[in-house]
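Before any comments, here is the structure.
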Amino acid sequence: MDAPDPQRLGGLAWVRRTGGRLSRAERRRLFIAIAVGQWENAVGRAKLALGRLPAAAEQVDLDAFRVPDSRFAREAEAACAELPPTLEGHSYRTWLFGRALATVDGQTMDDELFYCGSLLHDYGIVSPTAHRDFTLGSVERMLSCAGAAGLDDERANVLADGICVHTTPGVAVDTDGVIGCYLQWGAMVDGAGLRMWDIAPRNAEEVLRRYPRGDFKRELAHMMRAEARAVPKGRFGLLVRCGLPLAVRMAPFDS
């Protein structure tokens, strides 16, 4: 599959060019994607309530997901450790949930890039900057890790694009690539319970045992609102107006 177009909505070049600010046409497009996502969430919650789990989900073995043995992985882990504990835990849960979903969907991806992207995808959200999408801060920290590890530019740009696009509603593998899609879908299992119906309950319990959530719901909602204030015409500005903080509070987790 060809690399995603970096100029597309949410892509690396688009975020760098616009700072994350959406045009009116782009807001309308994402609003429709959010509405579709809310419908899919309602259907999925019904499946969850009825215990309808895909057969492939039962076959997922978390122990098969190995931490990459690379300098880049170690650099990413050190950078992730700079985050608040709740966000650090979210990063590792995103990795495990995202890998589980990719396995259920029969998708393969660069394990090293996905691991490092999971650990750093939200790095920039702790320091919201006016008129500058937080994913740019995440990309900058990732690129510093990639440079220290000697990662080649092509792979680094693939990951940078995936980090940028992961907050765009309506992503698809064909247009946005596996890295960006499973960063989003893994993060949204943890953040709002989306696609929880594709995760075996025993695996969800094990992920939370390894990386407890703490007060993640409250802190995530706070960070999303701060980002929306910093970039009111950005993607989180739209997501917050469409009720994402409420979805976070209603996620099927105790905390």
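The values are calculated or read from the model by the stated rules, or taken from the named source; none is laboratory data. Small disclaimer: the values here were computed from a predicted structure and weren't measured. Glycine gets a Cβ as well: all are built from the backbone with ideal geometry, and neighbour counts include every protein chain shown.
For the stretch 1-17, the candidate set comprises residues that are assigned to a helix (DSSP H, G or I) and in contact (Cβ under 8 Å) with a residue 24 or more places away in the chain; within that set, the residue that is farthest from residue 139 (Cα to Cα) is 14. Among the numbered conditions (1) on the phi < 0 side of the Ramachandran plot; (2) in contact with a Lys or Arg (Cβ under 8 Å, 6 or more places away or on another chain), the only one that residue 131 does not meet is (1). Only one of the listed residues (33, 42, 76, 49) is modelled with pLDDT of 95 or more, assigned to a helix (DSSP H, G or I) and surrounded by fewer than 18 Cβ atoms within 10 Å (Cβ to Cβ). That residue is 33.
Hey, does the stretch 147-158 have a residue that's at pLDDT 95 or above and buried (at least 24 other Cβ atoms within 10 Å of the Cβ)?
Within the stretch 147-158, not a single residue is at pLDDT 95 or above and buried (at least 24 other Cβ atoms within 10 Å of the Cβ).
In the set 204, 247, 251, 221, only one residue is part of a loop (DSSP other than H, G, I, E, B), small (Gly, Ala, Ser) and under 17 Å from the mean Cα position of the chain (by Cα); that residue is 251. Applying the criterion of at least 2 residues that are under 13 Å from the mean Cα position of the chain (by Cα) and farther than 24 Å from residue 29 by Cβ to the helices (runs of 4 or more DSSP H) found wholly in the stretch 83-183 leaves 85-105, 111-120.
Checking each residue in the stretch 119-146 for being touching a residue at least 24 places away in the same chain (Cβ under 8 Å), farther than 14 Å from residue 223 by Cβ and either surrounded by fewer than 17 Cβ atoms within 10 Å (Cβ to Cβ) or of a type in the set (Ser, Thr, Tyr) (or both) picks out 130, 131, 144.
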